[in-house]
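Remarks on the structure that follows.
Only the coordinates and a few stated rules stand behind these numbers; no lab work does. None of the values given here were measured: they were computed from a predicted structure. Heads up, the Cβs are rebuilt from the backbone with ideal geometry, glycines too, and the neighbour counts pull from every protein chain shown.
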Amino acid sequence: MNQLTTTTPGRHGIATAQTDEQVFVTIYVAKQLFGIPVERVQDILIPEKIAHIPLAPSEIAGAINLRGRIVTVVDVRQCLGLKPPPEGTEPMCVTVEQGAELYSLKVDSVGAVISMPTERIENNPTTLDQRWRSISAGVIQLEEELLILLDIDSLLGFAGR
């Protein structure tokens, strides 16, 4: 959620500017932290059963029934060219909307909701794998890790190729 930049009187009568902020739902995929803009997130769930879809691209893990709607499950690990998670790992899904369709992103785990000043968003490092760069809207260096901001439209476009 973006906030308008406003100027308010500070403690000593000096004007201080509030910065634009972006709110993200954080997820982990193979121990890498990613951020999804909170306004794109419709639901977070642990899928009970993911039904296989014959002849679907490898990035499509299957489909789930979410309150009567059939939702395509996209395997984010597969989109990023990563190995499957260790056996017995229970995935989580973050459901997002693109157009009139719902997609559920299959991830390793969901972290927290964080708010970050937009001025902290940096361009993708040139060392970031091309596949990852194509679905990243930028990065934020946190204290102990790098937050990669997912471009949901690019990710879903990538998953359908």
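Please give the length that would be gained between Val38 and Leu128 if that part of the chain were fully extended, namely 0.36 nm times their separation in residues minus their C-alpha to C-alpha distance (nm, one decimal).
Gain on extension, Val38 to Leu128, equals 30.0 nm.
Length gain on complete extension for the stretch Asp153 to Lys83, per 0.36 nm per residue less the alpha carbon to alpha carbon distance?
Full extension from Asp153 to Lys83 adds 22.9 nm.
Would you list, by chain and number, the lysines whose Cα falls below 23 Å from the Cα of Lys49, excluding same-chain residues fewer than 8 positions away?
List returned: Lys83, Lys106.
Relative contact order, percent, of segment 7-159 when contacts are C-alpha pairs under 8 Å separated by at least 6 residues?
In percent, rounded to a whole number, it is 26.
Pull out the extension gain between Ala51 and Ile121, defined as 0.36 nm times the separation in residues minus the alpha carbon to alpha carbon distance; nm, one decimal.
Between Ala51 and Ile121, full extension yields 21.5 nm more.
Once the other residues with Cβ under 11 Å from the Cβ of Ala30 are scored (Lys, Arg +1; Asp, Glu -1), what is the net sum?
In short, +2.
Which value in Å is the Kirkwood Rh of the chain over different Cα pairs?
Kirkwood hydrodynamic radius for the chain: 17.0 Å.
Taking 7 Å along the Cα-to-C-beta vector as the label spot, tell me the Ala100-Glu144 distance in nanometres, rounded to one decimal.
Distance between label points: 4.6 nm.
Find which of Thr126, Met92, Gln32 sits farthest along the positive direction of the dipole of the chain, computed with +1 on the beta-carbon of Lys and Arg, -1 on that of Asp and Glu, about the Cα centre.
Met92
Please list, in order, the residues from segment 82-122 whose amide nitrogen is less than 13 Å from a point placed 7 Å along the Cα→Cβ vector of Arg69.
95-105
If we count every other residue with Cβ under 13 angstrom of Ile152's Cβ, Lys/Arg +1 and Asp/Glu -1, where does the sum land?
Its environment carries a net charge of -4.
May I ask you to list the aspartates and glutamates whose Cα is less than 12 Å away from that of Lys31, ignoring any residue fewer than eight positions away on the same chain?
Asp108, Glu145
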